[in-house]
Amino acid sequence: MKFHFDEQDLDQLEQYELEFNDSERLEEDDWGSNMDDNVKDVIKQLSFPYGASEPQVSDEELQRLDALADKLELQRLSKLNVLKDPLWLMHLRRC
């Protein structure tokens, strides 16, 4: 099956993507409704206004932001029960 998109279709899809607001979905799910002030602060630190180019930060700042983002994502996935404590897996091996 082939799909054909003309320029107008692609422009509309791109505009939709640019206007899509992830924070609205965050507020709708359990993760967003139970966010404490610390999580909100981390999200603010990780958020940059949209621009024509990537945000310009030092290598040290980028490493700090990457570590914050990793920690936040691990917390989110753990809360969704996507990730399990590795000790839980060791218990399964013994069974």
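Restricting attention to the stretch 68-95, and to residues there that are among the hydrophobic types (A, V, I, L, M, F, W, C) and closer than 19 Å to Asp36 by Cα, which single residue is farthest from the chain's Cα centre (by Cα)? Show your work before the answer.
Quick first cut of the stretch 68-95, residues among the hydrophobic types (A, V, I, L, M, F, W, C) only: 68-69, 72, 74, 77, 80, 82-83, 87-90, 92, 95.
Filter once more, so that each one left must be closer than 19 Å to Asp36 by Cα: 68-69, 72, 74, 77, 80.
Details: Leu68: 11, Ala69: 8, Leu72: 8, Leu74: 10, Leu77: 10, Leu80: 14 Å.
Residue satisfying both the conditions and the ranking: Leu80.
Condition (residue is more than 29 Å from Gln15 (Cβ to Cβ) and in a helix (DSSP H, G or I)) applied to the stretch 47-60: is it met by at least one residue?
Scanning the stretch 47-60 turns up at least one residue that is more than 29 Å from Gln15 (Cβ to Cβ) and in a helix (DSSP H, G or I).
Looking only at the stretch 1-49, which residues are among the basic types (Lys, Arg) and at pLDDT below 85?
Lys2, Arg25
Among the residues that make up the stretch 64-71, is at least one of them on the phi < 0 side of the Ramachandran plot, surrounded by 10 or more Cβ atoms within 10 Å (Cβ to Cβ) and either at pLDDT below 85 or part of a loop (DSSP other than H, G, I, E, B) (or both)?
no
The values are calculated or read from the model by the stated rules, or taken from the named source; none is laboratory data. Note that the structure is a prediction, hence the values are computed from the model and not measured. Positions of Cβ are generated from backbone atoms using ideal geometry, with glycine treated the same way; all protein chains shown enter the neighbour counts.
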